[in-house]
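To start, the structure under review is shown below, and the notes come after it.
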Amino acid sequence: MNGYAAAAVAVLIWAAYPVATRAAVTGPFTAQELVTLRFGVAGLLFAPYLALHWRSIGRAVWLRGLPLTLFQGAGMGALVICGLQFAPATHQAALGPGVSPVWVALLGLLVLARRPSARALIGGALCAGGVAALAAWSAAAPSAAILVGDTMFLAASALGALYVLQLRNWGIGVMQGAAIVSLYSALVVVPWHLWSTPELALTRVPAGELLWQVLWQGVLIGCVSLIALNQAILRLGSERSSAFVALVPVLTAILALAFLGETPSPVELASFVVISAGVSIAALPGKPLFRPADRQLATPP
C-alpha cells in the first residue's frame with residue numbers, strides 16, 4: 001500500500017468512527033461496553049506482537065506505558081465515547097483530530113519548552129477560532145449537554161497530544177506504544193466491566209450489532225487505522241500525513257448527515273471549515289513545526 005492510500009484509509013476510519021460510535025452509544029450500547037470492546041479486542045490483537053517482542057522492550061518502556069495509557073488508551077477512549085452520548089459526531093471529529101495541532105503546539109511549549117513555528121501558530125490560531133465559535137454555539141444550544149460532550153472531546157484531544165509528545169520524547173516506537181497502551185487498557189477496563197456487570201449485559205445486544213462494534217472499536221480504530229497511519233508516515237512523512245487530518249471534520253459531517261440525520265447549522269459548518277483550514281496550514285510543507293527530531297505524529301481519536 002502506498003503512502004497516499006494508507007493515509008486515505010486512516011482518514012476514512014477516523015471520519016466514520018464517531019458516526020458508528022454515536023449510533024451505538026445512543027442505541028443499544030452503554031459507553032462502558034464500547035470502551036470494553038475497543039480495548040479488549042485491541043489488546044487481544046496486539047497480544048501476539050507483545051509476545052514476540054517482550055524481551056526487546058525495556059523496563060523503562062513498560063513503566064512509561066502507564067501514563068501513556070491515560071493519554072491515549074482507556075483515559076482518552078472513555079472521554080471520546082462518553083462525550084458522544086451528549087454531542088454530535090461532527091463535534092468529536094472537529095474537536096478531536098481537528099484541534100490536535102493546537103494542543104501539540106501549546107503543550108509542546110508548556111511541557112517540553114519546544115517553540116512552534118510561525119505557520120504552526122497561524123494554524124493553531126485558526127483552529128482555536130473555530131473551536132471558540134463551536135463552543136459558543138454549543139453553549140447557546142437548547143441542550144447544555146452538548147457543551148459537556150464538547151468539553152470531553154477537547155480533554156481527550158489534549159490527552160492525545162500529550163501521548164504524541166511523550167512518545168517521541170521518550171523514544172518509544174509507535175507500534176510498541178500502541179501495543180502496550182492497548183494491553184494496559186484492556187487489563188483495566190475488561191476486569192472492571194466484568195466486575196460491575198457480572199450478568200454479561202452485552203449478551204442482550206443482537207449479534208450483528210455486536211460484531212459491527214467489535215469491528216469498529218477493536219479492529220478498525222484500535223489497530224487498522226494505526227497500521228495505516230504508520231505506513232503513511234513512513235512513505236509521506238509525518239507533516240504531509242497530518243495534512244490529511246484536515247479532511248476528517250468535513251467527511252464526518254457528510255457521514256453524520258447521511259447515516260444519523262445530523263444536520264449541522266451554518267455556525268457549525270463554518271467552524272468545521274475554519275478548523276480544517278488551520279490543520280492544513282499547520283501541516284503545510286516547509287520548516288518543521290518544531291526541530292526536525294521533534295516532529296509529531298497524528299493520533300486516532
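The values are calculated or read from the model by the stated rules, or taken from the named source; none is laboratory data. Note that the structure is a prediction, hence the values are computed from the model and not measured. Backbone-built Cβ (ideal geometry, glycine too); neighbour counts: all protein chains shown.
Confirm whether residue 113 is under 21 Å from residue 170 (Cβ atoms) and more than 21 Å from the chain's Cα centre (by Cα).
Numbers: under 21 Å from residue 170 (Cβ atoms): yes; more than 21 Å from the chain's Cα centre (by Cα): yes.
Against the criterion (under 21 Å from residue 170 (Cβ atoms) and more than 21 Å from the chain's Cα centre (by Cα)), residue 113 qualifies.
Among the criteria (1) touching a Gly at 6+ places or on another chain (Cβ under 8 Å); (2) part of a helix (DSSP H, G or I); (3) surrounded by fewer than 21 Cβ atoms within 10 Å (Cβ to Cβ), the one residue 85 does not fulfil is (2). Close Cβ contacts (under 8 Å, 6 or more residues apart or on different chains) running from residues in segment 256-278 that are farther than 24 Å from residue 101 by Cβ and at pLDDT 90 or above to residues that are of a type in the set (Val, Ile, Thr) and outside any loop (DSSP other than H, G, I, E, B) comprise 259/19; 260/19; 262/90.
If you go through segment 82-108, how many residues are in contact (Cβ under 8 Å) with a residue 60 or more places away in the chain and more than 20 Å from residue 144 (Cβ to Cβ)?
Narrowing segment 82-108 to residues in contact (Cβ under 8 Å) with a residue 60 or more places away in the chain: 82-102, 104-105, 108.
Filter once more, keeping what is more than 20 Å from residue 144 (Cβ to Cβ): 93, 96-102, 104-105, 108.
Count: 11.
Selection of first residues in segment 147-174 that are at positive phi and of second residues that are of a type in the set (A, V, I, L, M, F, W, C) and outside any loop (DSSP other than H, G, I, E, B), restricted to Cβ pairs under 9 Å at least 6 apart or on distinct chains, gives the following pairs, ordered by first then second residue: 171/61.
Check segment 144-166 and report whether any residue there is assigned to a helix (DSSP H, G or I) and surrounded by fewer than 15 Cβ atoms within 10 Å (Cβ to Cβ). Within segment 144-166, one or more residues are assigned to a helix (DSSP H, G or I) and surrounded by fewer than 15 Cβ atoms within 10 Å (Cβ to Cβ). Among the residues making up segment 126-137, those that are within 21 Å of the chain's Cα centre (by Cα) and either on the phi > 0 side of the Ramachandran plot or surrounded by 15 or more Cβ atoms within 10 Å (Cβ to Cβ) (or both) are 126, 127, 128, 129, 130, 131, 134, 135. None of 177, 222 is under 19 Å from residue 32 (Cβ atoms), modelled with pLDDT under 90, crowded, with 20+ Cβ neighbours inside 10 Å and within 17 Å of the chain's Cα centre (by Cα) except 222. Just so you know, in segment 120-163 the residues that are closer than 21 Å to residue 14 by Cβ and of a type in the set (Phe, Trp, Tyr) include one that is modelled with the lowest pLDDT, and it is 163. Among the residues of segment 26-46, the ones that are more than 27 Å from residue 168 (Cα to Cα) and surrounded by fewer than 21 Cβ atoms within 10 Å (Cβ to Cβ) come to 6 in all. Scanning segment 47-76 for residues that are surrounded by 17 or more Cβ atoms within 10 Å (Cβ to Cβ) and basic (Lys, Arg) yields a count of 1.
With respect to being hydroxyl-bearing (Ser, Thr, Tyr) and modelled with pLDDT of 90 or more, residue 238 falls outside the description. Taken over segment 90-117, residues that are crowded, with 24+ Cβ neighbours inside 10 Å and either small (Gly, Ala, Ser) or outside any helix (DSSP H, G or I) (or both) amount to 7.
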